[in-house]
Amino acid sequence: MMLCSDGIENECIDLSPTCTNLHKHKMCDNVTDCSDRSDEENIMCKQLTEKTCIRRLNGKSLKIPLAWLKDGTTDCQDGIDETDIWPTCGEGDTYRFVSDKSSCLDDYRCLNNDIKFIGMEQLCDGIDTCGNENAVCKFSRGTPDLYIKISHTGSNIMDLSYCVNGLRSLEKIAPNCEPMTFGYPRGKVFGLIEKKLMHIPANSFDCQYLYGELYLYMSCSGKCGNHAPCPLTRPVRHDSCPGQYLDRTYTVVSNNYLTFLIKSQGSYNNDLFVCENNRCLPYQKVCDLVDDCGDGSDELSCTNHFQCGGKGSFIAKSQQCDGIFDCVDLSDECNDRCGKHIIEGKILKGMSWTIGVLAVVFNSVVVIQNLISIKKCSSVVSLLNKFLIM
């Protein structure tokens, strides 16, 4: 028998591979119902109304996801979600509901894509949401190419930096290469036959211009001269990466905790970075100037970036104070470091010294002329005036 005449009790959705058939009113209610938290971390839960209403099925007074407004389904007991009281922005393809009118900013229109537009704050964030904005950003801003992958000469052998076949002649002008075993994952993983072998520069390296796999392997091997910390601070456990890597093989680490391995290129490994939100990324997506985790944890500990506005997108350090605005808020050029860079520049220093020397010379001439003319003063008043002028 139907509980409600409009079938609201049947509004169930699949949020992730491990969280299915969940009623929509259990989403965004500050209660975790899914093991991977997909009911609370869904993008809908980040876009809510300022006003609350009582949901029909759980009876809680909560903010409403903007996606539920005027969607043809009455979610609030008083039906307020289907009325015309909610603030909107844009027109045509960019028409949408917003929390308040203050969020009505410029948009970037997507072409030939299921997603119609993105906010300007998402433009040039490294994630190709529209499918073409990265190419647009590269053309308009001159975004540098980043090399985030390393050379593999075998399933367990890696060549880093110039320690690559064909570039070994560089050893004559640079430090020699040396073999080193990569120390991650920590502990002995049952079923993992051997750890990766690296050919790596023998001396330390400036890692602030390295990205992705190269940054990760160099920093985690202690080869970064700028004391870059290793991003691998959270171990891969059996419950990490929910909804990802479903074809996983569980095993144990040093009889201490459970982990899992995935098969890649004919061998098993767990070369994964665990985000703070428990999502997982391959090494090449770590420290690559893109917030792939969604919470910034794959970039925040890296020393190879400048973060726009302290909490915005990431750009290469070489793009800071280069005279080109790469951040939407202009923070890459308008900051203390860039001001100091201008002040300490050779041109400004040269101009300052030139003006200073000329000022001393001309003032000296004036003083000498006034000293000579003192002899011509016939009264005390005129003498005092000369001294005041000097």
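The values are calculated or read from the model by the stated rules, or taken from the named source; none is laboratory data. Worth saying up front: this structure is predicted, and the values here are computed from it rather than measured. Glycine also receives a Cβ, built like all others from the backbone with ideal geometry; neighbour counts cover every protein chain displayed. Surface areas here come from the heavy atoms of the whole protein model, side chains and all, with no ligands, DNA or RNA. Shrake-Rupley method; radii C 1.70, N 1.55, O 1.52, S 1.80 Å.
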What residue among HIS238, CYS293, TYR215 has its Cα farthest toward the positive end of the dipole of the chain, where the charges are +1 on Lys, Arg and -1 on Asp, Glu, each on the Cβ? TYR215
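Just reorder ILE157, ILE200, ILE347, ILE85 by solvent-accessible area, largest first, 1.4 Å probe, all chains present.
Working: ILE157 60, ILE200 0, ILE347 135, ILE85 100 Å².
Order by accessible area, largest first: ILE347, ILE85, ILE157, ILE200.
Dividing the convex hull volume of the alpha carbon atoms of the stretch 267-327 by its residue count, what do you get in Å³ per residue? Write out the running numbers ahead of the final one.
Values: hull volume 5.3 nm³, N = 61.
Dividing the Cα hull volume of the stretch 267-327 by its residue count gives 87 Å³.
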Surface accessible to a 1.4 Å probe, per residue, for the residues of the stretch 1-121, Å²: 60
Cross-link pairs beyond the 32 Å C-alpha cut-off, checked among LYS51/LYS116; LYS63/LYS138; LYS26/LYS101; LYS188/LYS285: LYS63/LYS138
About its Cα centre, the chain carries a charge dipole, from +1 on Lys and Arg Cβ atoms and -1 on Asp and Glu Cβ atoms, whose size in debye to the nearest 20 is 2240
Treating cross-link reach as a plain straight distance, find the aspartates and glutamates whose alpha-carbon is under 19 Å from the alpha-carbon of LYS70, omitting any fewer than eight places away in the same chain. ASP6, GLU9, GLU11, GLU50, ASP78, ASP81, GLU82, ASP84, GLU91, ASP93, ASP100
Rank TYR184, TYR245, TYR209 by accessible area, highest first, at a 1.4 Å probe radius? TYR209, TYR245, TYR184
Place +1 on the Cβ of every Lys and Arg and -1 on the Cβ of every Asp and Glu in the chain, take the dipole about the Cα centre, and give the residue among GLN265, SER99, CYS338 whose Cα lies farthest towards its positive end. CYS338
The chain - Rg (one decimal) and Dmax (whole number), Cα, Å: 31.3, 120
Could you give P(r) for the stretch 175-229, binned at 5 Å from zero, as whole percent values over all Cα-Cα pairs? 4, 19, 27, 22, 15, 8, 4, 1
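Given +1 on the Cβ of Lys and Arg, -1 on the Cβ of Asp and Glu, and no further charges, what dipole in debye does the stretch 10-146 carry about its Cα centre, rounded to the nearest 20?
With only Lys, Arg, Asp and Glu charged at Cβ, the dipole is about 180 debye.
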Alpha-carbon Rg/Rh ratio, for the stretch 1-127, with Rh computed the Kirkwood way: 0.99
Using Cα atoms only, what is the angle between the long axis of helix 346-373 and the major principal axis of the chain, expressed in degrees (0 to 90) to the nearest 10? 20
Helix 380-389 sits off the longest principal axis of the Cα atoms of the chain, rounded to the nearest 10 on a 0 to 90 degree scale, by 40
Just from the alpha-carbon atoms, what are the Rg and Dmax of the stretch 241-295 in angstroms? 12.3, 36
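Report relative contact order for the stretch 276-328 in percent, whole number only (criteria: Cα-Cα under 8 Å, sequence separation at least 6). Can you show the working numbers first?
Numbers: 55 pairs, mean separation 13.3, N = 53.
Rounded, it is 25 percent for the stretch 276-328.
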Give me P(r) over the stretch 1-67, computed from all C-alpha to C-alpha distances, binned every 5 Å, as integer percentages. 3, 17, 26, 26, 17, 9, 2, 0
Could you rank LEU57, LEU123 by how accessible they are, 1.4 Å probe, largest area first? LEU57, LEU123
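Carbon-plus-sulfur fraction of the accessible area of the chain, 1.4 Å probe, in percent?
Details: 12810 of 22880 Å².
Of all accessible area on the chain, carbon and sulfur atoms account for 56 percent.
How much FRET efficiency would the formula 1/(1 + (r/R0)^6) give for GLU276 and ASP114, where r is the Cβ-Cβ distance and R0 is 35 Å, rounded to 0.05?
On the way: r = 29 Å, r/R0 = 0.83.
After rounding, the FRET efficiency stands at 0.75.
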